Amino acid sequence: MTADQQDRASPTGGETRVRQARSDFGGVAGNLALLFALPIGTAYLYFCVRFNGGDLLPGTEADLGAFAQSLTPSWETAAVYFAWLVFQALLQAFAPGPTVEGTPLEDGTRLRYRMNGRSSLLITAVVVAAGVGSGLFPLRWIYDHFGELISVITLFSYGFGLFLLIYGRATEPRHTPCGVIVDYFLGAARHPRIPPVTGFDLKVFFEARPGLIGWILVVFSFAAVQIERQGSLSTAMFVVCALQLVYVLDYFWYESAILTTLDVQHEKFGWMLLFGDLAWVPMTYSLQAHYLIDHAPDLSIGAAAFCVLLGLTGVMLFRLSNLQKHRFRSDPKGLQIWGKPAEFIETRHGNRLLVSGFWGWSRHSNYLGDWLLGLAWSLPCGFQSLLPYFYPIYFAGLLIHRERRDHERCAAKYGEDWDRYCRRVRWRIVPGLY
């Protein structure tokens, strides 16, 4: 039995993990508050951009009646969204693509994953293009039913979250209950599959397919509406759509890298990740394109080029740093980084902590790259309103919170080895600053 397994088997280790779960995101009270705050926040951003003149705070242009009416779900919207989920699930199960092994679990075994995101994305693009070209599915349908979609996705998330709670507790033999609210919010199982172990992986599916691909359809819908209203696509809208498309294409090009992320390796799958994947990502990350429909600034070619360059820099930093760690975990002793053997700290658990390349600059250089990209697709919106900058502001707080959680988890796991690592890699995210 490894040291990590011994810790998991000990009563003290189990109690520590239960206490940590109960304190994450403010504990029971914080979890309960976020169960309502996140859907309200998603709807509020929609209200600001569509019914409040694009301002972050309610003003004289606010149309609360139309906003409330637009949120009323319909059977049509529910049927379309259900069909979307089924379509993406069928692609996940049957579209062509390689099958790869994930990182070792606690017992040393590895789960197998079907990495067919690129073919699924291509098939989706062809089907949607056929629907748009035939007139069966006009792109502006998403814009016209956006409020209804928020409500439908929110209701689905609450219902499916209950299924994850029940199914996770029934199929996760090592799970120590942390209370109904915490298990519902954070999840009861780390790798829920139907059937267990060999079946359809729920977390990896919802992590990307319906929400991430859906995000691109949302921003394209907004671009189509701008063309209808203005007669052309603005430079700002083009830059925003292009950078967000690059983000999604990058994800699916390096899809297997998701298997070494914190979400897949360590986080359990509950309502928080489910709602984030299905609602928060497509409905709030598209905020800039939504804003630009009626508030497109006159973006110069130089300013557009700067935004594109900043975004591509962020993408490269994010992807190259993630690839370094992904390849390091696959072959730590044989990896060359920038022409030299990878340097690492060996821990008493047998794990190795990378301290060279981007991971010698800071402990989360990938977070910096991710944030720079978000800033780059916000800048084309100009500075008349703070609303388009909600994403980089919120994302900075999220990444800092995420880094702190990871730090606490690693400090508890590695002890003195983690202290040694932090002395070697001093900066948390931004070298020289934080």
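The values are calculated or read from the model by the stated rules, or taken from the named source; none is laboratory data. Remember, predicted model here, so these are calculated numbers, not experimental data. Backbone-built Cβ (ideal geometry, glycine too); neighbour counts: all protein chains shown.
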Give the residue, chosen from R110, R174, R140, that is in contact (Cβ under 8 Å) with a residue 40 or more places away in the chain, basic (K, R) and farther than 23 Å from P282 by Cα.
R174
Can you say whether Y143 is assigned to a strand (DSSP E or B) and assigned by TED's automatic domain parsing to the domain that holds V248, as far as the supplied structure shows?
no
Can you say whether V315 is buried (at least 23 other Cβ atoms within 10 Å of the Cβ) and of a type in the set (V, I, T), as far as the supplied structure shows?
no
Here are L353, L373: which of them is at pLDDT 95 or above, surrounded by 19 or more Cβ atoms within 10 Å (Cβ to Cβ) and either over 23 Å from V264 (Cβ atoms) or outside the structural domain of G26 (by TED's automatic domain parsing) (or both)?
L373
As an exercise: evaluate F160 against (1) over 16 Å from G270 (Cβ atoms); (2) modelled with pLDDT of 95 or more and give the number of the one condition it does not meet.
(1)
Enumerate the helices (runs of 4 or more DSSP H) found wholly within region 304-416, keeping only those where 2 or more residues are under 16 Å from the mean Cα position of the chain (by Cα) and within 22 Å of F25 (Cα to Cα).
365-376, 390-414
For L379, which of the numbered conditions (1) closer than 20 Å to V219 by Cα; (2) of a type in the set (A, V, I, L, M, F, W, C); (3) free of Cβ contacts under 8 Å to residues at least 12 places away in the same chain fails to hold?
(3)
Only unsatisfied item for R363, checking (1) in contact with a helix residue (DSSP H, G or I) (Cβ under 8 Å, 6 or more places away or on another chain); (2) closer than 30 Å to R50 by Cα, is (2)
